[in-house]
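Notes follow once the structure below has been shown.
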Amino acid sequence: MLVKTKAIVLSSLKYQEKSLIVKCLTQSDGLKSYFVLNAFSAKKASQKIAYFQPLSILEIEASHKNKGTLEHFKEIKLAHAYQSISTNIVKSTIILFLSEIIHHSIREEEKNENLFLFLESALLWFDAHDDVANFHLILMLEMSKFLGFYPDITAIEFNFFDIKEGIFTNLTGTNCWNEHETAMFKKLLYLKFDSDQKIFAGTERQILLKMLLSYYTTHLDGFKKPKSLDVLKEVFA
């Protein structure tokens, strides 16, 4: 079946010398993996390697056989050409980190258009703005809405957060963050992408990131620690 859709690149893996296997989140069909023959060849102008950078947003025409095998692109072009991400070391590091987070978080192959539209909108905002220190934290928290484990804020006035149950509680336990951690988490829950970026110190962002990774690990079977985590820590050190 020939499909025209937008797609966000989650990962690309070199195959042999000149080809790629590219995993995308598509607007039309959810997760799809594509085989790109001779991706590194200058003759393939329509399949430039630059298209397959982490979290690039593409417009594609592809043949979807839907048989659990690798699919194939027919046509590819950039849906949005990022203006700042590729030239800003902080942004490119955040993008690399988030591409791993998203790649390891989305397991279902079914269509999830709301998640796609959220990510597309968030990435365009990120590219267009300079104050982005909290972006990765907010995106991870907001993405949990679409993955099914966003925190229950019914009792947000309580002093501890149980990461296993996803609720605020007045009783501390082995699965609970302490009062200071919970207080920081509450601040994060109310933030938007364009909120004051100075609400957290660098050390607090490090703590919150560790907390969010623990929260993801608790709720997603087989969730892997991103390889780019140490690089991200260096950028925000």
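Report the extension gain between Ala155 and Ser86 in nm, rounded to one decimal, defined as 0.36 nm multiplied by the number of residues separating them, less their alpha carbon distance. Before the final figure, lay out the partial values.
Numbers: separation 69, 0.36 × 69 = 24.84 nm, distance 4.16 nm.
Contour length minus the Cα-Cα distance gives 20.7 nm.
Restricting things to alpha carbons, find the Rg to Rh ratio for region 167-237 using the Kirkwood radius for Rh.
Values: Rg = 13.5 Å, Rh = 13.8 Å.
Ratio of gyration radius to Kirkwood radius: 0.98.
Along Cα→Cβ, 7 Å out, is where each label goes; now give me the distance between the ones at Lys187 and Ala79 in nm to one decimal.
3.4 nm
Efficiency by 1/(1 + (r/R0)^6): what FRET value for Gln206 and Ser33, r their Cβ-Cβ distance, R0 = 41 Å, to the nearest 0.05?
Details: r = 33 Å, r/R0 = 0.82.
In this case the efficiency is close to 0.75.
Under a 10 Å cutoff between Cα atoms, tell me which one of Gln83, Gln16, Gln27 has the largest fluctuation in the Gaussian network model of the chain.
Result for the chain, Cα springs under 10 Å: Gln16 fluctuates most.
At 0.36 nm per residue, and after removing the present C-alpha to C-alpha distance, how many nm does the segment from Lys145 to Lys164 gain when stretched out fully?
Numbers: separation 19, 0.36 × 19 = 6.84 nm, distance 1.56 nm.
Separation in residues times 0.36 nm, less the Cα-Cα distance, equals 5.3 nm.
Compute log10 of I(q)/I(0) for the chain with the Debye formula, placing one identical point scatterer on every Cα and leaving out solvent, at q = 0.10, 0.18 Å⁻¹, to two decimals.
Result of the Debye calculation: -0.51, -1.38.
Pop out the carbon and sulfur fraction of the accessible area of region 142-237 as a percent, whole number, probe 1.4 Å.
Details: 2890 of 5500 Å².
Taking all protein chains in place, region 142-237 shows 52 percent carbon and sulfur surface.
Less than 14 Å from a label point 7 Å out along the Cα-to-Cβ axis of Glu61: which backbone N atoms in region 2-37 qualify, by residue?
Inside the label zone: 2-6.
Could you give the accessible area per residue of the chain, probe 1.4 Å, as a whole number in Å²?
Ligands and nucleic acids excluded, the result is 52 Å² per residue.
Based on the Cβ-Cβ distance from Lys198 to Met1, what FRET efficiency comes out when R0 is 41 Å, to the nearest 0.05? Could you put the intermediate results ahead of the total?
Working: r = 50 Å, r/R0 = 1.21.
The formula returns an efficiency of 0.25 here.
Using label points projected 7 Å from each Cα along Cα→Cβ, tell me how many nm separate Ala128 and Thr218, to one decimal.
Spacing of the two 7 Å Cα→Cβ label points: 3.5 nm.
How much mean residue ellipticity at 222 nm does the chain get from its helices, if each DSSP H run of length 4 or more adds -39500 (n - 2.57) and you divide by all residues, to the nearest 500 deg cm²/dmol?
Roughly -11000 deg cm²/dmol at 222 nm, from the helical runs in the chain.
If the only charges are +1 at each Lys and Arg Cβ and -1 at each Asp and Glu Cβ, what is the size of the charge dipole of the chain around the Cα centre, to the nearest 20 debye?
For the chain, the charge dipole is close to 1060 debye.
Mind giving me the FRET efficiency for Ala50 and Glu113? R0 is 30 Å, r the Cβ-Cβ distance, nearest 0.05 is fine.
Numbers: r = 26 Å, r/R0 = 0.88.
Between Ala50 and Glu113 the formula returns 0.70.
Where does region 103-237 land on the Kirkwood hydrodynamic radius, alpha-carbon pairs, in angstrom? Walk me through the intermediate numbers first.
Values: mean 1/r = 0.0631 Å⁻¹.
After inverting the pairwise mean of 1/r, the radius is 15.9 Å.
Which angle between 0 and 90 degrees, to the nearest 10, do you get for helix 113-128 versus the longest principal axis of the chain when only C-alpha atoms count?
90 degrees
Going by average Cβ neighbours within 10 Å, how do the peptides 17-25, 228-236 rank, with the highest at the top? Let's see the in-between values first.
Numbers: 17-25: 19.0, 228-236: 14.6.
With the highest mean Cβ count within 10 Å placed first, the list reads 17-25, 228-236.
Using a Cα-Cα cut-off of under 16 Å, which aspartates and glutamates could be cross-linked to Lys4, ignoring same-chain neighbours fewer than 8 residues away?
Qualifying aspartates and glutamates at Cα under 16 Å: Asp29, Glu59, Glu61, Glu71, Glu75, Glu113.
With a 10 Å radius around each residue's Cβ, average the other Cβ atoms per peptide and rank 120-133, 65-78, highest first. Could the numbers behind the result be given before it?
Numbers: 120-133: 15.6, 65-78: 13.2.
In descending order of packing, they fall as 120-133, 65-78.
Jot down the radius of gyration and Dmax of region 54-146, Cα atoms only, both in angstrom.
Answer for region 54-146, Rg first and Dmax second: 14.4, 43 Å.
Please work out the Cα center distance from region 115-151 to region 1-75, rounded to the nearest Å.
Measuring centre to centre over Cα atoms gives 23 Å.
The values are calculated or read from the model by the stated rules, or taken from the named source; none is laboratory data. Given the structure is predicted, the values throughout are model-derived calculations rather than measurements. Positions of Cβ are generated from backbone atoms using ideal geometry, with glycine treated the same way; all protein chains shown enter the neighbour counts. These accessible areas exclude ligands, DNA and RNA; they are computed on the full protein's heavy atoms, side chains included. Shrake-Rupley method; radii C 1.70, N 1.55, O 1.52, S 1.80 Å.
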